[in-house]
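*Asks:* Let me begin by handing over the structure; questions about it come next.
The values are calculated or read from the model by the stated rules, or taken from the named source; none is laboratory data. No experiment lies behind these values; they were computed from the predicted model shown. Reconstructed Cβ throughout: ideal geometry from the backbone, glycine too, with neighbour counts over all protein chains shown. In case anyone asks, the SASA skips ligands and DNA or RNA and just uses the protein heavy atoms, side chains included. Shrake-Rupley method; radii C 1.70, N 1.55, O 1.52, S 1.80 Å.
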Amino acid sequence: TGLSSWSQTFPPASSFESHRLRLWVRANDRAGNQSAVPSGGQLTANQNADGSAAWDFTYDNTPPTSKVAFPPAYADFVPTTISGTSADAFPTREPSGVQTVYLRLLRSDGSYWDLFGGTWGGSGAFDNRGITGTNPWSFNSFSGAFADGYKYTVNPEGEDAATNLETAYSTFAFIVDLTTPTSVLGWPNDG
């Protein structure tokens, strides 16, 4: 619809979810003049007839996913890093890609780690300060954070370039246990 300012309705978006789309347009005037049509080679190379790049965009309406890969669920050491992976939905297509990973860390006494301040007592909000990478990602600003006998619950949250924020984020828990267990013999009795 329209001429100097025109629009075209797309088919249902589900048919091209997480795909990169390229658009070419051409116009005719009333005298029969028509804008140049790209050659087959130019179409393959995603170019207009004048050699400029075709208009492209990625339609991505699905949130990414993220997971924690380290430390193990039971750690007999004080971890210095938490790391994991993230991926945008439908990776075999052309999704927008994960651009940021956020993190939230809860200790079993109800305290949250403040990624910026480096202390317990944060608000519980997701934060990305200090996180490096997206796949894999890691965070290592935990000086003095982990103590013996606590359970730590980690929630990573990914965001892709189309600003889809992971809402069904994963939950990973680990326990720092630096204390050696003890045992005594209870049966049979001596003699």
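*Asks:* For segment 151-169, check the following and say yes or no: at least one residue is open to solvent by 30 Å² or more (accessible area, probe 1.4 Å), more than 18 Å from the chain's Cα centre (by Cα) and among the small types (G, A, S).
*Replies:* Within segment 151-169 (the criterion being open to solvent by 30 Å² or more (accessible area, probe 1.4 Å), more than 18 Å from the chain's Cα centre (by Cα) and among the small types (G, A, S)), the answer is no, since none of the residues qualifies.
*Asks:* Oh, and also: Just the residues that are open to solvent by 100 Å² or more (accessible area, probe 1.4 Å) and touching a Phe, Trp or Tyr at 6+ places or on another chain (Cβ under 6 Å), please, taken from segment 170-191.
*Replies:* Of everything in segment 170-191, nothing turns out to be open to solvent by 100 Å² or more (accessible area, probe 1.4 Å) and touching a Phe, Trp or Tyr at 6+ places or on another chain (Cβ under 6 Å).
*Asks:* Right, next: Given (1) surrounded by 18 or more Cβ atoms within 10 Å (Cβ to Cβ); (2) modelled with pLDDT under 90, where does I131 come up short, assuming only one miss?
*Replies:* Answer for I131: the failing condition is (2).
*Asks:* Can we say G84 is touching a residue at least 24 places away in the same chain (Cβ under 8 Å) and within 13 Å of the chain's Cα centre (by Cα)?
*Replies:* So G84 passes the test.
*Asks:* Here are some residues: P63, P95, P72, P79. Which one is surrounded by fewer than 17 Cβ atoms within 10 Å (Cβ to Cβ) and out of contact with any Lys or Arg (no Cβ under 6 Å at 6 or more places or on another chain)?
*Replies:* Just a single option satisfies the conditions, and that option is P72.
*Asks:* Being in contact with a Lys or Arg (Cβ under 6 Å, 6 or more places away or on another chain) and over 28 Å from P63 (Cα atoms) narrows it down to one of S143, S108, S170, S183, so name that one.
*Replies:* Testing whether each residue is in contact with a Lys or Arg (Cβ under 6 Å, 6 or more places away or on another chain) and over 28 Å from P63 (Cα atoms) leaves just S108.
*Asks:* Does R104 satisfy the condition of being of a type in the set (K, R) and in contact with a Gly (Cβ under 8 Å, 6 or more places away or on another chain)?
*Replies:* yes
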